[in-house]
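Presented below is the structure to which this report refers.
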Amino acid sequence: MHELETIIHAADEAINREDLDAVLAFYTDDATLVVRPGLNASGKDQIRKAFTAIAEHFNHTLHVTQEHLVVIEGGDTALVLGKAEIRAKDPAGAQVLIEREATYVFIKDAGGNWRCAVDNSYGTSLLRI
């Protein structure tokens, strides 16, 4: 198992617990999160606000998991592809299951720690929107 797989699973667990301080520790300071097609959050302050709004939208029932992660590493940069599964209750209280083929870009910092620079759970589906 690649180190990034462990990191991504830990980040998902932090999201599920709504531990935003732990979530933000996985990102670079200038990271970008694709909130939804056409709406990105850049920088940790905006990413925190986005995760807060997402949790509220799903009535604090968000549960994220990743499967079938593929890591393509080149130097201090890695592209990670994965199958993201998002379970939650929508604003009306109905159970929803969303599956996405996600793409992430990670950068290894000077201390040797991987940090997410681009978090795109929509993956290449953005091309079809």
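The values are calculated or read from the model by the stated rules, or taken from the named source; none is laboratory data. As the structure is a computational prediction, the values presented were derived from the model and not from experiment. Positions of Cβ are generated from backbone atoms using ideal geometry, with glycine treated the same way; all protein chains shown enter the neighbour counts.
The set of residues in segment 57-70 being closer than 20 Å to VAL23 by Cβ and either surrounded by 16 or more Cβ atoms within 10 Å (Cβ to Cβ) or of a type in the set (Val, Ile, Thr) (or both) consists of PHE58, THR61, LEU62, VAL64, THR65, GLN66, LEU69. Of all the numbered requirements in (1) crowded, with 16+ Cβ neighbours inside 10 Å; (2) over 21 Å from ILE129 (Cβ atoms); (3) free of Cβ contacts under 8 Å to residues at least 12 places away in the same chain, LEU24 misses one, and that requirement is (3).
Quick check on segment 65-73. Is at least one of its residues touching a Leu at 6+ places or on another chain (Cβ under 7 Å), part of a strand (DSSP E or B), over 16 Å from VAL35 (Cβ atoms) and free of Cβ contacts under 8 Å to residues at least 12 places away in the same chain? Yes - at least one qualifying residue is present in segment 65-73.
Is it true that ARG48 is within 20 Å of GLU5 (Cβ to Cβ), surrounded by 12 or more Cβ atoms within 10 Å (Cβ to Cβ) and basic (Lys, Arg)? The answer is no for ARG48. If you go through segment 1-21 and keep only what is surrounded by fewer than 17 Cβ atoms within 10 Å (Cβ to Cβ), not in a loop (DSSP other than H, G, I, E, B) and not polar (S, T, N, Q), you end up with GLU3, GLU5, HIS9, ALA10, GLU13, ARG17, ASP21.
Only residues that are modelled with pLDDT of 95 or more and either out of contact with any helix residue (DSSP H, G or I) (no Cβ under 7 Å at 6 or more places or on another chain) or among the charged types (D, E, K, R) (or both) were counted in segment 60-81, giving 11. Only one entry of ALA50, ALA84, ALA78 meets the criterion of being assigned to a strand (DSSP E or B) and under 16 Å from ALA14 (Cβ atoms), and that entry is ALA84. Just the residues that are crowded, with 16+ Cβ neighbours inside 10 Å, free of Cβ contacts under 8 Å to residues at least 60 places away in the same chain and in a strand (DSSP E or B), please, taken from segment 101-129. If the condition is that a residue be crowded, with 16+ Cβ neighbours inside 10 Å, free of Cβ contacts under 8 Å to residues at least 60 places away in the same chain and in a strand (DSSP E or B), then ALA102, THR103, VAL105, LYS108 are the ones that fit. Among the residues here, ASP30 qualifies as exposed (fewer than 12 other Cβ atoms within 10 Å of the Cβ), more than 24 Å from ILE129 (Cβ to Cβ), of a type in the set (Asp, Glu) and touching a residue at least 12 places away in the same chain (Cβ under 8 Å).
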